Amino acid sequence: MPNIVVIGAQWGDEGKGRIVDLISENVDIIARYQGGNNAGHTIVIGKEKVVLHHLPSGILRDGKISVIGNGVVIDPGVLLEELKGLRAAGYRADSGNLKISDRAHVIMPYHREIDIARESLSRGNGKIGTTGRGIGPVYEDKAARRGIKFSDLIDPESLRERLSSVLEERNMYLEHVLGRKPLKFEDIFSEYEAYGKELKDFSCDVSSLLNRSISEGKRVLFEGAQGALLDIDLGTYPFVTSSSASSGGACTGTGVSPTRIDLVLGIAKAYATRVGEGPFPSEIEGETGERLRKAGGEYGATTGRSRRCGWFDSVALRYAAMTNGISRLAITKLDVLSGFDAIKVCVGYRYRGKLLGEFPSNINILKDCEPVYEEIEGWKEDISSVTDFGELPAHARNYIRRLEQLTGVTIYAVSLGASREKILFLSDLFQ
Ligand code: GDP
Ligand code: IMO
Ligand code: MG
């Protein structure tokens, strides 16, 4: 099996963790390439549910190597808790099966403070609805070249030097722009020095490891967080996250070139959700939206916030497929749509009386787009125990086939539940 990137094809929470867990059985290495603990990837095994924030979703599989790439940002206190939780649940999570890029950037207490303070001060259009984990501010510092890397965290001298060179300026910003209390150097230093000691053994030159492994014939799965429409460059800016969630991020976020990646698998829900602010043309207001939220359990895996719900948007999906080179799709949560008389799919946008077939690059246009829907007949049956695509109710099969036509992407699998066995395969991943 070749090397594959798995990405969210919508606004996040598509079920990436669930699908990565499934596919990781057949790979050797699972590498996260961007984002931080803003991600919440849920994996259900039997009666047990695990939510991963930092760790690649392959960590639950025996005999695999998990990698945190240079494009990821790490909150070390949160990561240590996550590792502890996994070990307590009986999983292996040590420096033998987890490698962390020494180039990854570290989320510091002032990043969280700045994120939360900005969100609480912003009014109206300025609010992004972030997860409050410090993600925007840590990527800002990376771009501004005042970041603290994992290699600094694990070296007390380097940590002292880097922290002392950035804290004064960050404190001025906190105090004089955001009206918060400045943070104390010694408090941060001693807390983070201790994290560094605990995490030192995980440090690795991940780019060398991955490239060497690929040369030896090992198979790598690159796991994205967030989704294509939350990508910093190609998403619905400014209502995006601050990293490259798109498939291209797999290269810059690990140091593996595009020529070594064979396939991009997009994950999409059979409907759509979005957490936080920003345009969402196919959003469903009122009772139907609430019904979908309840049926799908659409509450954030990281913040517990209610997810906004909407119909499947084939215009947005085609855009995601184009900009990410999605060659196969996995559709999740089809079971959630059982019981609807009719299911809508957004097939175009109407903007000032004009019909648009393509996703607008200008957010001022996107926010005023009205969805144009096609209605597809629903089905009543509970489909969660179906084991073969041919056994699905005809209308459920029609729905899936219609999504395939509208998106122009071959569907690889359809998921009918959160646990491992509730999956139908429709095509081979690599043919
Ligand atoms: P991720 O961030 O993309 O990994 O997705 P999340 O874990 O945030 O959200 C997906 C949610 O849907 C989780 O609670 C999963 O357990 C659940 N889930 C995944 N696939 C299915 C499915 O096919 N059917 C149902 N009912 N739930 C699913
Ligand atoms: P997974 O990997 C859904 C959203 C936030 C907010 C915006 C910016 O589980 O799919 P940030 O804290 O990143 O600065 O917030 O991005 N967001 C997500 N939405 N799933 C996620 O991750 C998300 N990570 C960030 O709600 O709108
Ligand atoms: Mg999630």
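The table below lists the values:
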| item | result |
| --- | --- |
| Per-region count, region 167-212, residues over 20 Å from ASP115 (Cα atoms), open to solvent by less than 20 Å² (accessible area, probe 1.4 Å) and among the aromatic types (Phe, Trp, Tyr) | 2 |
| Residue check, ASP262 within 25 Å of VAL409 (Cα to Cα), out of contact with any Lys or Arg (no Cβ under 8 Å at 6 or more places or on another chain) and not basic (Lys, Arg) | yes |
| Residues (closer than 20 Å to GLY278 by Cα and of a type in the set (A, V, I, L, M, F, W, C)) located in region 348-389 | LEU356, PHE359, ILE363, ILE365, LEU366, CYS369, VAL372 |
| Residue within region 92-102 that is out of contact with any Ser or Thr (no Cβ under 7 Å at 6 or more places or on another chain), away from ligand 3 (no atom under 16 Å from the Cβ) and closer than 18 Å to GLY224 by Cβ present | yes |
| Among (1) hydrophobic (A, V, I, L, M, F, W, C); (2) over 19 Å from LYS127 (Cα atoms); (3) free of Cβ contacts under 8 Å to residues at least 12 places away in the same chain, the one test that LEU199 misses | (3) |
| Selection count where residues are open to solvent by less than 50 Å² (accessible area, probe 1.4 Å) and of a type outside the set (A, V, I, L, M), scope region 391-418 | 7 |
| Residue list for region 103-129, filter: within 30 Å of ILE154 (Cα to Cα), open to solvent by 50 Å² or more (accessible area, probe 1.4 Å) and not in a helix (DSSP H, G or I) | ARG103 |
| Residues (small (Gly, Ala, Ser), in a helix (DSSP H, G or I) and more than 16 Å from ligand 3 (Cβ to nearest atom)) located in region 186-245 | SER190, ALA194, GLY196, SER207, SER208, SER213, SER215 |
| Residue ID - surrounded by the most Cβ atoms within 10 Å (Cβ to Cβ), chosen from residues in region 1-32 that are within 12 Å of ligand 2 (Cβ to nearest atom) and more than 21 Å from TYR319 (Cβ to Cβ) | ARG32 |
| Residue ranges of strands (runs of 3 or more DSSP E) in region 1-69 with at least 1 members free of Cβ contacts under 8 Å to residues at least 60 places away in the same chain and more than 13 Å from ligand 3 (Cβ to nearest atom) | 48-52, 65-68 |
| Condition check for GLY71: within 16 Å of ligand 2 (Cβ to nearest atom), of a type in the set (Gly, Ala, Ser) and outside the structural domain of LEU159 (by TED's automatic domain parsing) | yes |
| Yes/no for LEU167 being of a type in the set (A, V, I, L, M, F, W, C), assigned to a helix (DSSP H, G or I) and under 23 Å from SER207 (Cβ atoms) | no |
| The lone exception for ARG274 - which of (1) among the charged types (D, E, K, R); (2) in contact (Cβ under 8 Å) with a residue 12 or more places away in the chain; (3) more than 16 Å from ligand 1 (Cβ to nearest atom) it fails | (3) |
| Residues (assigned to a helix (DSSP H, G or I), within 16 Å of ligand 2 (Cβ to nearest atom) and among the aliphatic types (A, V, I, L, M)) located in region 293-316 | ALA316 |
| Count of region 130-150 residues which are in a helix (DSSP H, G or I) and either of a type in the set (Lys, Arg) or open to solvent by 50 Å² or more (accessible area, probe 1.4 Å) (or both) | 3 |
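The values are calculated or read from the model by the stated rules, or taken from the named source; none is laboratory data. Quick caveat: nothing in here was measured; it's all calculated off a predicted structure. FYI the Cβ positions are ideal-geometry reconstructions off the backbone, even for glycines, and counts take in every protein chain you see. Please note that ligands, DNA and RNA were not included when accessible areas were found on the heavy atoms of the full protein model with its side chains. Shrake-Rupley method; radii C 1.70, N 1.55, O 1.52, S 1.80 Å.
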